[in-house]
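The values are calculated or read from the model by the stated rules, or taken from the named source; none is laboratory data. Remember, predicted model here, so these are calculated numbers, not experimental data. Note that each Cβ is placed from the backbone with ideal geometry, even for glycine, and that neighbours are counted across all protein chains shown. Accessible surface areas use protein heavy atoms only, side chains included; no ligands, DNA or RNA. Shrake-Rupley method; radii C 1.70, N 1.55, O 1.52, S 1.80 Å.
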Amino acid sequence: MSSHDEPTGNKALAERDLRVLWHPCTQMKDHEAHPPIPIRRGSGAWLEDFAGRRYLDAISSWWVNLFGHANPRINAAVAAQLETLEHVLLAGFTHEPAVTLAERLVAITPPGLSRCFYADNGSSAVEVALKMSFHYWQNQGQTGKTKFITLENSYHGETLGALAAGDVALYKATYRPLLMETLTAPSPDCFHRAPDESWEAYSRRRFEDMQRLLARHAHEVCAVIVEPLVQCAGYMRMYHPVYLSLLREACDRHGVHLIADEIAVGFGRTGTLFACEQAGISPDFLCLSKGLTGGYLPLAAVLTTDAVYQAFYDDYERLRAFLHSHSYTGNPLGCRAALATLDIFEEEDVLARNRALSARMARHAAPLADHPHVAEIRQHGMILAVELVQDKAARKPYPWQERRGRRVGQHALSRGVLLRPLGDVVYFMPPYVIDEEEIELMIRVAAEGIDRACKD
Ligand code: PMP
């Protein structure tokens, strides 16, 4: 029997899946109770299974989708590209979508970022930025700079370099013997602020630790790497833009690069096109992926400055070139999807519409603040998170083994909403095509789930 004769349908596909697949970020044994959900098609903010059951994609399929599934405009752009060129290597060759996309990224990203290096997923973009920063200092003769400063609770991906730069124990602890050592500064995450302390005051206070670390270690540090404003995989913890302004100034003063990982927060998630804009800063490296292609295809870009570029530009024999590569670097289909995505940003007032949607999300979620097991509701633009705790007054978390957040997710699925809480943090990061009724549904179902999950 050839593969296209194999049975489909929800049950059949899930069974076939569990015989051969190994899913990402999953304890496969969990699938004994909850098999994977086969999706046949998507449209707008919705996914549909083989029985016609629909799921509202409240987390943009791992934060990638911006303008809906099967978006007609992006579909057409990718289909047209497919007719002419599906892929060509980007070493020694180039193509129009890669060139135009680089031009447009340089134009829309913060000032001073004038070079675009492509990769093919978020983690590989982080690897590029780490290696480029290190290599820059080597090329400058500063061979003692071999370390990176990272933030507590940060997340930058799963490949070994990116994992080393991150700090979420759940993903990192097992692999620690394989990872480079980093210097870790306390997070400006405002969940920990004093009851009467503002976000700004807390983020400023936390910056003092970073300041000390830089003063002590700048001579051996290549770069500081941060996720601007929201530590997404780190339980959607958030901080104030002032931290980024202070950090930019201190990195300049100490001769250390600043790497902004906007893989999750870029392309409008926090309210501005890039989160760095809220602090009025330009990093030395800006990592982009996820929403770059509107959630269609794996593509990543690292934007950097002319100063970095020039440190590698030399006669070949001097062996200063950045000889890093991935096979699918700058894939034309991905670049075309990205260009169509940027067209939508350019022609529709996406950020203004998102401001209205964010306000609506805030309004619907507000009553949850009174829930006896909700410690905090926090929001930056189109990202809103609700943190569940066992004891509200003491902010004492539930034992992680109870998997309360997962119960919320399971309830939501049974009601046709795709949520995927991070631990006990229920969050919403929907595609920008979500409408007001869908926002109401998404939050109502989450609230029901929270009630049930926190009952006993
Ligand atoms: N950096 C950040 C901030 C991310 O959120 C992620 C993915 N969740 C990554 C890097 C890694 O991207 P990818 O999964 O495409 O490797």
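Quick rundown of the values:
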read-out: Checking TYR171 against (1) in contact with a Cys (Cβ under 9 Å, 6 or more places away or on another chain); (2) of a type in the set (Phe, Trp, Tyr); (3) under 17 Å from PRO283 (Cβ atoms), the condition it does not meet; value: (3)
read-out: Members of the range 426-456 found to be of a type in the set (A, V, I, L, M, F, W, C), farther than 18 Å from HIS380 by Cα and touching a helix residue (DSSP H, G or I) at 6+ places or on another chain (Cβ under 7 Å), listed by number; value: VAL445, ALA446, ALA447, ILE450, ALA453, CYS454
read-out: Some residue of the range 231-240 being away from the ligand (no atom under 16 Å from the Cβ), open to solvent by 10 Å² or more (accessible area, probe 1.4 Å), closer than 27 Å to GLU387 by Cβ and without any contact (Cβ under 8 Å) to a residue 60 or more places away in the chain; value: yes
read-out: Failed condition for LEU101, given (1) touching a residue at least 60 places away in the same chain (Cβ under 8 Å); (2) within 24 Å of THR272 (Cα to Cα); (3) open to solvent by 50 Å² or more (accessible area, probe 1.4 Å); value: (3)
read-out: Test: residue in the range 79-90 that is among the charged types (D, E, K, R) and either at pLDDT 95 or above or in the same structural domain as PRO298 (by TED's automatic domain parsing) (or both); value: yes
read-out: Residues within the range 57-78 that are open to solvent by 50 Å² or more (accessible area, probe 1.4 Å) and on the phi < 0 side of the Ramachandran plot, tallied; value: 4
read-out: Scan of the range 119-169 for residues that are open to solvent by 60 Å² or more (accessible area, probe 1.4 Å), in contact (Cβ under 8 Å) with a residue 40 or more places away in the chain and within 13 Å of the ligand (Cβ to nearest atom), ordered by number; value: ASN121
read-out: Some residue of the range 185-206 being of a type in the set (Ser, Thr, Tyr) and within 16 Å of the ligand (Cβ to nearest atom); value: yes
read-out: Matching residues, the range 376-393, being more than 24 Å from ALA264 (Cα to Cα) and open to solvent by less than 50 Å² (accessible area, probe 1.4 Å); value: VAL389
read-out: Test set (1) open to solvent by 10 Å² or more (accessible area, probe 1.4 Å); (2) in contact with a Leu (Cβ under 6 Å, 6 or more places away or on another chain); (3) not polar (S, T, N, Q) - VAL226 fails condition number; value: (1)
read-out: Odd one out for GLU103, checked against (1) away from the ligand (no atom under 16 Å from the Cβ); (2) assigned to a loop (DSSP other than H, G, I, E, B); value: (2)
read-out: Of the criteria (1) closer than 25 Å to ASN153 by Cβ; (2) in a helix (DSSP H, G or I), which one VAL426 fails; value: (2)
read-out: Filter result (open to solvent by 90 Å² or more (accessible area, probe 1.4 Å) and either under 23 Å from the mean Cα position of the chain (by Cα) or on the phi > 0 side of the Ramachandran plot (or both)) within the range 14-46; value: TRP22, GLN27
read-out: Yes/no for ILE434 being of a type outside the set (Asp, Glu) and either out of contact with any His (no Cβ under 7 Å at 6 or more places or on another chain) or farther than 17 Å from TYR55 by Cβ (or both); value: yes
